[in-house]
Structures are given as C-alpha cells and as structure tokens.
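> Starting off with a structure, shown below.
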Amino acid sequence: MQNTDLKIVPETQTETFPKNLDIATVMVYGLAILSGGVFLFLPLVNLIHPSPWQRSLGMIHGFGAMAATIVTVYAGHLAFPLLRGSNKVLPQMRSLTFWSAVVTFLSIASGNFGYMRYRAGADFGGARAWLKDNSPLTQYVFMEYHEFSVLFTLPLAVGSAWVLWHYGDKILEKANRPILAGVSIAVMAIMFYAMGGFVTGLAIAKVHSL
C-alpha cells in the first residue's frame with residue numbers, strides 16, 4: 001500500500017483566512033458608510049462661506065432639506081411594495097409618512113427664512129436680483145421650479161399620513177385598493193418633488209448663495 005502524506009491545514013487558519021465574499025461585503029459596507037458620510041457633510045460646507053447669512057440660514061436649511069430628502073426617498077422606495085399590497089411595509093409606511101410631514105415642514109419653514117433674504121433688493125445684496133441680472137435662466141427655471149415644487153411635499157405627506165393612519169390595515173382590502181394606489185402614488189410624488197427640490201437648491205446655491 002502506498003502511503004501519501006496529506007498536509008492538513010489547521011482549522012484555526014482556515015477560519016481566519018479572509019474570503020473573497022467577506023472582503024467584498026466589508027468593502028460594500030465601507031463604501032456605503034463613506035458615501036453617506038460625505039453626503040451628510042454637505043451642509044457643513046456653509047460654515048466656511050464668507051456670507052454670514054449663508055453660514056447660519058444656509059446650514060440650517062441645508063440640514064432640513066437633507067433630512068426631508070432622506071426620509072421621503074426612503075418612503076418613496078417602500079411605496080412600490082405597498083402598491084403591490086405588501087402588508088409587511090404598512091406599519092413602517094405609517095411612521096415614514098408621519099415623519100415625512102414633520103421634516104418637510106421643518107425644511108419649508110427654514111427655507112422661508114432664507115427666502116426672505118433671497119428676495120432682498122439689489123441694494124441689500126439679494127440673490128434673486130443678482131440672478132435676474134446675471135443669470136436669468138437660473139431664476140426663471142431652477143428657482144421657479146424650486147419655489148413651487150417643494151411646497152407640494154407637505155400637503156401630500158400630511159394627506160398620505162392621515163389616510164394610512166385612518167384606514168389602518170383595512171387599506172389593504174380589495175375594496176380600498178384605489179385608495180391604496182392613490183396613497184402610494186402620492187408618496188412617490190413626494191420623493192420626486194423632494195429630490196428635485198434638493199438638486200435645484202444645490203444648483204441655485206452654486207450659482208449664487210444668500
């Protein structure tokens with residue numbers, strides 16, 4: 001009989017040796033956390049702005065707009081399985097629509113304080129007057145869309161939250177399917193308006209801030 005020497009790797013070495021799947025998982029989570037941190041860092045850039053209005057109002061409204069965007073986008077993504085009648089996301093959607101109403105209100109309220117400064121005359125360094133003279137396309141396209149579209153988020157969020165809390169689990173019944181579809185589409189619209197408002201707000205601030 002021929003003897004063959006088999007080299008057995010100790011179990012401790014096989015357990016500690018990194019696997020490709022483990023490395024990929026760590027990299028994905030690491031990149032996700034890094035990307036989220038960079039995204040959340042955006043409002044803090046206002047702290048180094050030369051304008052005292054931008055350092056205060058810009059940062060406050062920036063955090064409010066970012067919170068509204070994150071919450072509404074998360075709710076908007078869950079609206080798709082809700083539209084298909086998934087009962088697993090229904091309790092979460094009730095909470096998300098409520099908080100969407102809260103954060104959109106805070107974002108709009110803080111934005112109105114900044115809007116007062118924005119509408120100041122040219123003699124006071126108002127951004128609107130400067131944009132109309134130097135970049136009218138920014139004012140008549142980006143700002144006009146930004147002014148009105150983000151205002152739709154609050155009534156849609158309040159209405160969606162009220163319907164979901166009022167109907168409860170009964171909204172998944174066959175007779176209430178049109179109401180469920182309407183709420184799901186409304187939450188998707190909130191996500192669309194919030195994302196559009198956030199992007200146009202950044203574009204306006206890049207051209208001329210407060």
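The values are calculated or read from the model by the stated rules, or taken from the named source; none is laboratory data. Nothing here was measured: the structure is a model prediction, and the numbers come from that model. So basically every Cβ, Gly included, is an ideal-geometry build from the backbone, and we count neighbours across all protein chains shown. These area figures cover heavy atoms from the full protein model, side chains too; ligands, DNA and RNA do not enter into them. Shrake-Rupley method; radii C 1.70, N 1.55, O 1.52, S 1.80 Å.
> Go through segment 110-130 and give me each residue that's in contact (Cβ under 8 Å) with a residue 40 or more places away in the chain and either over 19 Å from PHE152 (Cα atoms) or surrounded by fewer than 16 Cβ atoms within 10 Å (Cβ to Cβ) (or both).
Taking segment 110-130 as the starting set, the residues that turn out to be in contact (Cβ under 8 Å) with a residue 40 or more places away in the chain are 110-111, 113-114, 117-118, 127, 130.
Once the filter is applied, which keeps residues that are in contact (Cβ under 8 Å) with a residue 40 or more places away in the chain and either over 19 Å from PHE152 (Cα atoms) or surrounded by fewer than 16 Cβ atoms within 10 Å (Cβ to Cβ) (or both), segment 110-130 yields PHE113, ARG117, TYR118, ALA127, TRP130.
> Could you tell me which numbered condition ILE204 fails, if it satisfies all but one of (1) in a helix (DSSP H, G or I); (2) within 30 Å of ALA122 (Cβ to Cβ); (3) open to solvent by 30 Å² or more (accessible area, probe 1.4 Å)?
The number of the failed condition is (3).
> Let me ask something else. Among the residues of segment 109-126, are any more than 30 Å from ILE48 (Cα to Cα), within 21 Å of the chain's Cα centre (by Cα), modelled with pLDDT of 90 or more and assigned to a helix (DSSP H, G or I)? Give the steps one after another, and end with the answer.
Start the filter on segment 109-126 by keeping residues that are more than 30 Å from ILE48 (Cα to Cα), which leaves none.
No; the residues of segment 109-126 include none that is more than 30 Å from ILE48 (Cα to Cα), within 21 Å of the chain's Cα centre (by Cα), modelled with pLDDT of 90 or more and assigned to a helix (DSSP H, G or I).
> I need a count of the residues in segment 129-180 that are more than 30 Å from ARG84 (Cα to Cα) and touching a Ser or Thr at 6+ places or on another chain (Cβ under 8 Å).
Counting residues in segment 129-180 that are more than 30 Å from ARG84 (Cα to Cα) and touching a Ser or Thr at 6+ places or on another chain (Cβ under 8 Å) gives 5.
> Cβ-Cβ distance below 8 Å, separation of 6 or more or different chains: which pairs start in segment 51-75 with a residue that is modelled with pLDDT of 90 or more and end on one that is buried (at least 18 other Cβ atoms within 10 Å of the Cβ) and of a type in the set (Lys, Arg)?
Filtered contacts from segment 51-75: no entries.
> Inside segment 156-187, can you point out the residues that are under 25 Å from ALA203 (Cβ atoms) and open to solvent by 40 Å² or more (accessible area, probe 1.4 Å)?
LEU156 - this is the single residue of segment 156-187 that is under 25 Å from ALA203 (Cβ atoms) and open to solvent by 40 Å² or more (accessible area, probe 1.4 Å).
> Still on this structure, please answer the following. Tell me which residues, restricted to segment 84-93, are surrounded by 17 or more Cβ atoms within 10 Å (Cβ to Cβ) and touching a residue at least 24 places away in the same chain (Cβ under 8 Å).
Applying the first criterion (surrounded by 17 or more Cβ atoms within 10 Å (Cβ to Cβ)) to segment 84-93 yields 89-90, 93.
Once the filter is applied, which keeps residues that are surrounded by 17 or more Cβ atoms within 10 Å (Cβ to Cβ) and touching a residue at least 24 places away in the same chain (Cβ under 8 Å), segment 84-93 yields LEU90, MET93.
> Quick check, is TYR140 part of a helix (DSSP H, G or I), of a type in the set (Ser, Thr, Tyr), over 20 Å from ALA101 (Cβ atoms) and out of contact with any Asp or Glu (no Cβ under 9 Å at 6 or more places or on another chain)?
When the stated conditions are applied, TYR140 passes them.
> Could you give every pair whose Cβ atoms fall below 8 Å, whose first residue belongs to segment 190-210 and is touching a residue at least 12 places away in the same chain (Cβ under 8 Å), and whose second residue is charged (D, E, K, R), counting only separations of at least 6 or pairs across chains?
LEU210/ARG117
> I've got another one for you. Residue pairs, Cβ under 9 Å, 6 or more apart or interchain, first in segment 21-44 and assigned to a helix (DSSP H, G or I), second basic (Lys, Arg) and open to solvent by less than 80 Å² (accessible area, probe 1.4 Å). List them.
Close Cβ pairs (under 9 Å, with a partner that is basic (Lys, Arg) and open to solvent by less than 80 Å² (accessible area, probe 1.4 Å)) do not exist here.
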